Amino acid sequence: MKMGFLHFFFFIIYMISFKVPILRCQDMACHSNDLRALTNFGNCLTSGIDGWNFSTSTCCTWAGVTCDNSTTSSNRVIGLELGKKKISGVLCESLEDLDQLRILNLSQNFLHGIVPPKLFQLQNLEALDLNSNDFVGSLPGGIYLPSIKYFDISFNSFNGSVDPTFCKTSPHLQVLDLAGNHFSGEVSTSFGRCSSLQHLFLNGNMLSGSFPYGLLQLQYLQVLHLQDNHFSGALNDGIANLSNLVELDISNNVFSGNLPDVFERLRKLKFFSSNSNKFNGHLPNSLVNSPTLEILNLRNNTMDGPININCSAMIHLAFLDVGTNNFQGPIPESISSCQNLSVLNLSRNKLGGEVPYKFKNLQALTYLSLSNTSLANISAALGILQQCKNLTTLVLTRNFQDEQMPSDVNLQFKNLKVLIIANCQLRGSIPLWLRGCKMLQLLDLSWNHLSGSIPLWIGNFSSLFYLDFSDNSFTGEIPISLTGLQILTDRRILIDGNAPGIPLYKKTGKSSTSLQYNKIGSLPPTLDLSHNKLNGPIWPSFGNLKGLHFLNLSTNELSGPIPDDLSRMSSLEILDLSHNKLSGEIPSSLVKLSFLSKFSIADNQLYGEIPTGGQFLTFPCSSFEGNNDLYGGGVFTSCQLAQRPPPAPLPPATRPPTEKMTIMGLQFGIGAATGFAITVIFCFMSGWVIPKPKARQR
């Protein structure tokens, strides 16, 4: 939720840039001190800066340099804006000589090392932005920035304590961003002196202690982000003093106890997130009746009681996530009155019952997760939810135990991109109504009791990049249409992923694990057909899927060779063909799969030598075990596999002599004598040796 603060920053820059006459393109020379400071700064870098020419003294024409032309003799540099310029190196102390500087923006570059302490003593500096570099060290003592309004050193490697003593000497500071560093310890009460502070970001550090008391004195504070730290204890009732708060994020800490019932005093609050803490108790009455809240995230706590959201009061509520708590009772039908609700997550609670019929009124709903809530009657649920015409993500995992997969061909989910109905032990086959979900990107029906063949049309989804049919009872061949999934034939997969999080539950034996993804696009392109009863070959045309990262065909009854064409799957990271009936040799071309990190062909009927080279040098022996005629070479010689067979004997013509060959043996002598006698007789009979007598003349 940093968009508002970015707008605020640009507003500050806009106001600063018009305080005095500005010169960007003029031939008048810079002030000599400024020219020297910029030249030395550029010389300290290990990369050049496009648009800088050290051979000219008109530095006001250099890229990112802003000058003040209010003086007649020379121009003073008041702005240095070099964000996203790919510059690298360290900061020279020469920058401190830019004593008229008002804006310094070196953000999102490759700078490192320690920031010169005197850079924090530029008395005219109003905006300092060093975010997203690799600066180290602690904040120096004696920071003196009396004009500073915007201070951002986020996403570096600064460490030490957070004790902004400079608040006392910086009465105009409005934005302070220290997020994404290594600051630790408790937050000093000195923050209370930043009386003008409106935006404060301390998230993504290692801060601890209770809710910082000093922050409760910041009456103008609008945005407060404390997430991803180690804060603990109760949430102080004093947050009610922060009456101008618009955003409050305290998620991913160790806060505990009840949420304070003081939200009626936070009359401007639009965003509140306290997910992944240890809060318990019921929902505060003032919270579920807040007229301003748009985003409410309480996921992953231990709160209980009913989900008594008052949609009549919460008229702006668009995002509600109360998943992974201990809320009880049926799903409240009253939620259907939240007409602006776009995202709803009620998963992993103790709800039960059926999907309320009035949920059909949630026409703004795009994301719905009801997984692991002990729901019943999947046919009714799908019949109701199909009327939510804007629904793009539907997660129903671990419900409807042992029911029949609905086969009603009239079900329509034309805008659905994500459908997860996993681990429900559903019976039946793949329903025909799925064919109409032409927008599908992710389909997960794993861990059910579905049977029959996988239909050919399953490969016709042009945007499908994640398909999981594992742990079912599907039979027949793998439909060859899957090898032509359109989006997976391109290695450069671009997925539209704006969902707030896709929970996937992968079950192993009696246990299950959950993976939470922030966006659909963060999921690896996957095809998982493992643990079924599929037979037939592995199609060579799988090589078309150049964008696939994960291919699991293990524990089936597949037969035939491993196609050499699999080497064309250039993005493949995981390939599991184990526990089948595959035969032949391992194609040596598979060593070309340079991204392959996990590989298994265990328990098949393969033979020959294991290829060596590439990623194959990193695979364990267990990847190849259970193949009686497979033997190892190179790094695999120590594996408990078949012994290398002896080399085949050479043909006689090329066999190397092992003893002297006998030329004049008995057989040779007899043959020679016989041949000689026959020759002599032939010669005598032909008259060649003794001419025949001529016939007498009569």
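The values are calculated or read from the model by the stated rules, or taken from the named source; none is laboratory data. All values reported here derive from a predicted model rather than from experimental measurement. Because the Cβ atoms are built from the backbone with ideal geometry, glycine has one as well, and the counts that use them run over all protein chains shown.
Tabulated data for the structure shown
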{"item": "Residue among 450, 456, 416 that is touching a helix residue (DSSP H, G or I) at 6+ places or on another chain (Cβ under 9 Å) and not polar (S, T, N, Q)", "result": "456"}
{"item": "Filtered residues of region 58-73 (kept if surrounded by 15 or more Cβ atoms within 10 Å (Cβ to Cβ) and either more than 18 Å from residue 110 (Cα to Cα) or of a type in the set (D, E, K, R) (or both))", "result": "58, 59, 60, 61, 62, 65, 66, 67, 68, 69"}
{"item": "Only listed residue being surrounded by fewer than 22 Cβ atoms within 10 Å (Cβ to Cβ), closer than 17 Å to residue 270 by Cβ and not aliphatic (A, V, I, L, M), chosen from 213, 220", "result": "220"}
{"item": "Every pair of residues 6+ apart whose Cβ atoms lie under 9 Å, when the first sits in region 579-601 and is at negative phi while the second is basic (Lys, Arg)", "result": "589/568; 592/568"}
{"item": "Selection count, region 390-402, where residues are crowded, with 19+ Cβ neighbours inside 10 Å and more than 27 Å from the chain's Cα centre (by Cα)", "result": "2"}
{"item": "Qualifying positions in region 128-156 - of a type in the set (A, V, I, L, M) and closer than 18 Å to residue 38 by Cα", "result": "128, 130"}
{"item": "Region 259-283, residues that are outside any loop (DSSP other than H, G, I, E, B) and crowded, with 17+ Cβ neighbours inside 10 Å", "result": "263, 271, 272, 273, 279"}
{"item": "Qualifying residue in region 582-591 (condition: under 23 Å from residue 442 (Cα atoms), of a type outside the set (D, E, K, R) and within 30 Å of the chain's Cα centre (by Cα))", "result": "no"}
{"item": "Verdict on residue 571 being part of a loop (DSSP other than H, G, I, E, B) and within 25 Å of the chain's Cα centre (by Cα)", "result": "yes"}
{"item": "Residue 120 assigned to a strand (DSSP E or B) and either surrounded by 22 or more Cβ atoms within 10 Å (Cβ to Cβ) or at negative phi (or both)", "result": "no"}
{"item": "Only listed residue being outside the structural domain of residue 183 (by TED's automatic domain parsing), surrounded by fewer than 22 Cβ atoms within 10 Å (Cβ to Cβ) and touching an Asp or Glu at 6+ places or on another chain (Cβ under 7 Å), chosen from 241, 252", "result": "252"}
{"item": "Of all residues making up region 76-112, the number that are in a strand (DSSP E or B) and under 17 Å from residue 125 (Cα atoms)", "result": "9"}
{"item": "Residue 148 surrounded by 22 or more Cβ atoms within 10 Å (Cβ to Cβ) and either in a loop (DSSP other than H, G, I, E, B) or at positive phi (or both)", "result": "yes"}
{"item": "Residues of region 559-573 satisfying the condition of being within 19 Å of residue 623 (Cβ to Cβ) and in contact (Cβ under 8 Å) with a residue 40 or more places away in the chain", "result": "562, 573"}
{"item": "Any hit, region 255-270, residues being among the hydrophobic types (A, V, I, L, M, F, W, C) and either without any contact (Cβ under 8 Å) to a residue 12 or more places away in the chain or more than 23 Å from residue 303 (Cα to Cα) (or both)", "result": "no"}
{"item": "Number of positions in region 123-144 that are among the hydrophobic types (A, V, I, L, M, F, W, C), under 35 Å from the mean Cα position of the chain (by Cα) and part of a loop (DSSP other than H, G, I, E, B)", "result": "2"}
{"item": "Selection from region 151-191 of residues that are surrounded by 21 or more Cβ atoms within 10 Å (Cβ to Cβ) and β-branched (Val, Ile, Thr)", "result": "153, 162, 175, 187"}
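Residues are listed down the side, and each one gets a yes or a no for (1) modelled with pLDDT of 95 or more; (2) over 23 Å from residue 444 (Cα atoms); (3) of a type outside the set (Gly, Ala, Ser):
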residue	(1), (2), (3)
523	no, no, yes
526	yes, no, yes
554	yes, no, no
604	yes, yes, yes
635	no, yes, yes
